[in-house]
Structures are given as structure tokens and as C-alpha cells.
Amino acid sequence: TVWAQLFGLVSFEIFGQFNRVVEDRDAFFAHAADGLAQTVGLLRGE
């Protein structure tokens, strides 16, 4: 599940699907990646 979500995030960013939808794409991607990392145990929740 995490791999599919990460693949989707990267694909959406590369092909411009977040343009005019997400204002701060860097912050959005960092937040989403942190959530995925927590899901698989790479980061502890705060």
C-alpha cells in the first residue's frame, strides 16, 4: 500500500497533476512522505 501511494505521489508530481490544486507542493509531499514513513515504521509519530 505504501509503495503504491508513494508511486502515485511521485507520478502526480512529475506529470503536473498537483498544479493549481496544491499550493505548496513541497510541504504537501514532505507531509505525505512522512506519513508513509511512519506507516512502515521508519519514523515514530510525534
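The values are calculated or read from the model by the stated rules, or taken from the named source; none is laboratory data. It should be emphasised that the depicted structure is a prediction, and the values quoted were computed from it without experimental measurement. Please note: Cβ atoms are built from the backbone with ideal geometry, for glycine as well, and neighbour counts cover all protein chains shown. Surface accessibility is based on the protein's heavy atoms, side chains included, excluding ligands, DNA and RNA. Shrake-Rupley method; radii C 1.70, N 1.55, O 1.52, S 1.80 Å.
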(request) Under 8 Å between Cβ atoms, at least 6 apart or on separate chains: pull out the pairs that start in the range 11-23 with a residue that is within 18 Å of Ala33 (Cβ to Cβ) and surrounded by 10 or more Cβ atoms within 10 Å (Cβ to Cβ) and end on any residue that is modelled with pLDDT of 95 or more and of a type in the set (Gly, Ala, Ser). (result) Gln17/Ser11
(request) For the range 24-46, enumerate the residues that are of a type in the set (D, E, K, R) and open to solvent by less than 100 Å² (accessible area, probe 1.4 Å). (result) Asp24, Arg25, Asp34
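Restricting attention to the range 2-46, which residues are among the acidic types (Asp, Glu) and part of a helix (DSSP H, G or I)? Don't jump to the end; show me each part of the working.
Looking only at the range 2-46, we keep the residues that are among the acidic types (Asp, Glu), and these are 13, 23-24, 26, 34, 46.
If the condition is that a residue be among the acidic types (Asp, Glu) and part of a helix (DSSP H, G or I), then Glu13, Asp26, Asp34 are the ones that fit.
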